[in-house]
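Visitor: Take this structure, written in structure tokens, and hold onto it; I'll ask about it next.
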Amino acid sequence: MSREVDRLAQPVQKKKMRLVVASCSRTGTLGLHEALEMLGYTPYHMIDVMYKGRKPHMKIFCEGIKAHHDRFSGIKRYETQDLQKWLSDYDCVLEIPSYIGPRCLEAYAADPDVKFIVTERSPIKWAKSMNNTVGAAIMLAAKFPMNILRRFDSELSAFWHLADVMYWAYSDSTNPGDPNNEEILCRNYVDYIQTVKNTLPKDRLLVVKLEEGLGWEQICPFLELPIPEQKYPRGNDPETFQKIVEDWLQPRVKAALLNLGGIVTATAGIAGYLGWRYLRYVK
């Protein structure tokens, strides 16, 4: 089966991966993304899927998640070379591996020059944060009018489909408020964190517990870099998450409304023409 990632052109040049943040979403990764940019890295995060990769990368990311979590999908799971092709312009990746599985990290783990960071938090706090952000977003997308508008702009449709798949990957296809939803989220989160801790080379792995603090003091010594004078970037609280999503959605919703209006206008015009022809016929 031909995959979305296989359709990408082979990059002329590839940046060498230097750092993999194998953390889950909602564990300080957006603030860390900004911090790594300040330190000279070129990081790739869900925010870059939205604003840089856009629909092609949304489709690739979605495919990678399905390949890992759905054994009946018929899609070959992503490996390191797939990630290298996809992220050839970046030397650092955040969050993405937590959705597409540890297989994509095997060659990076074998490379002594690649370092790894995992940020973690209380499982129940993580589950509640997922439900207050990604979970709330997919519930919004399932309701009127977004459940209609998402069908009238291809990028909007790709975004909401990706959000669904990302959330369901950890919730076993349950939604916020469903029986055992938080229990399932917690269990899958704990399983993933334990897997990466057992898989990644311990001498090149930094594990940071958010409750104990995440800042320059934790990451710079590990990366062998001086601590910047600037303040460490603020994390991604639910209000920030909502603002990011709203800012991205606004032009896409406008495009969907225009497309929907065009279809309605065209349909009305065709109906009027047919009605006129019918009236002429029956006279």
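Visitor: Gly28 passes all but one of (1) open to solvent by 30 Å² or more (accessible area, probe 1.4 Å); (2) on the phi > 0 side of the Ramachandran plot; which number fails?
Guide: For Gly28, the exception is condition (1).
Table: residues versus (1) surrounded by fewer than 18 Cβ atoms within 10 Å (Cβ to Cβ); (2) of a type in the set (Val, Ile, Thr).
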{"position": "Val93", "(1), (2)": "no, yes"}
{"position": "Ser122", "(1), (2)": "yes, no"}
{"position": "Asn131", "(1), (2)": "no, no"}
{"position": "Leu140", "(1), (2)": "yes, no"}
{"position": "Tyr170", "(1), (2)": "no, no"}
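Visitor: Considering segment 42-51 alone, what residues qualify as being closer than 23 Å to Glu79 by Cβ and open to solvent by 20 Å² or more (accessible area, probe 1.4 Å)?
Guide: Passing the criteria: Thr42, Met46.
Visitor: List pairs: first in segment 228-253 and over 24 Å from Ala127 (Cβ atoms), second open to solvent by 100 Å² or more (accessible area, probe 1.4 Å), Cβ under 8 Å, 6+ apart or cross-chain?
Guide: Filtered contacts from segment 228-253: Trp248/Tyr51.
Visitor: Here's a follow-up. Mind checking which pairs have a first residue in segment 156-168 that is polar (S, T, N, Q) and a second that is buried (at least 20 other Cβ atoms within 10 Å of the Cβ), Cβ under 8 Å, 6 or more apart or different chains?
Guide: Ser157/Arg150
Results for (1) open to solvent by less than 70 Å² (accessible area, probe 1.4 Å); (2) under 24 Å from Tyr189 (Cβ atoms); (3) outside any helix (DSSP H, G or I); (4) at pLDDT 95 or above, shown as yes or no for each residue.
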residue	(1), (2), (3), (4)
Gln13	no, no, yes, no
Lys16	no, no, yes, yes
Glu34	no, yes, no, yes
Lys59	no, no, no, yes
Lys66	no, yes, no, yes
Arg71	no, yes, yes, no
Pro97	yes, yes, no, yes
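Visitor: Only one residue in Gln250, Gln218 is farther than 20 Å from Cys92 by Cα and of a type in the set (S, T, N, Q), so which one is that?
Guide: Gln250
Visitor: Right, next: Take the conditions buried (at least 24 other Cβ atoms within 10 Å of the Cβ) and not basic (Lys, Arg) and apply them to Trp86. Does it pass? Show your work before the answer.
Guide: On the way: buried (at least 24 other Cβ atoms within 10 Å of the Cβ): yes; not basic (Lys, Arg): yes.
Yes, satisfied.
Visitor: A follow-up question, please. Tell me which residues, restricted to segment 73-91, are touching a residue at least 40 places away in the same chain (Cβ under 8 Å) and in a loop (DSSP other than H, G, I, E, B).
Guide: Residues satisfying the conditions are Gly74, Ile75, Lys76, Tyr78, Leu87, Ser88, Asp89, Tyr90, Asp91.
Visitor: Sticking with this structure for a sec: Which condition number does Glu217 fail, the rest of (1) open to solvent by 60 Å² or more (accessible area, probe 1.4 Å); (2) in contact with a helix residue (DSSP H, G or I) (Cβ under 7 Å, 6 or more places away or on another chain); (3) modelled with pLDDT of 95 or more being met?
Guide: (2)
Visitor: Take Arg103 and decide whether it is open to solvent by 50 Å² or more (accessible area, probe 1.4 Å) and in contact with a Phe, Trp or Tyr (Cβ under 8 Å, 6 or more places away or on another chain).
Guide: The answer is yes for Arg103.
Visitor: Sort through Glu211, Glu182 and tell me the only one that's over 30 Å from Ala67 (Cα atoms), touching a Lys or Arg at 6+ places or on another chain (Cβ under 9 Å) and either open to solvent by 70 Å² or more (accessible area, probe 1.4 Å) or modelled with pLDDT of 95 or more (or both).
Guide: Glu211
Visitor: What pairs can you find where one residue is in segment 138-152 and closer than 10 Å to Asp164 by Cα, the other is part of a helix (DSSP H, G or I) and not basic (Lys, Arg), and their Cβ atoms are less than 6 Å apart, with a gap of 6+ or different chains?
Guide: Correct list of pairs: Ile138/Ala163; Ile138/Asp164; Ile138/Tyr167; Ala141/Trp160.
The values are calculated or read from the model by the stated rules, or taken from the named source; none is laboratory data. Keep in mind that this is a model prediction, so the values were computed, not measured. Using ideal geometry, Cβ is built from the backbone for each residue, glycine included, and neighbour counts are taken over all protein chains shown. These accessible areas exclude ligands, DNA and RNA; they are computed on the full protein's heavy atoms, side chains included. Shrake-Rupley method; radii C 1.70, N 1.55, O 1.52, S 1.80 Å.
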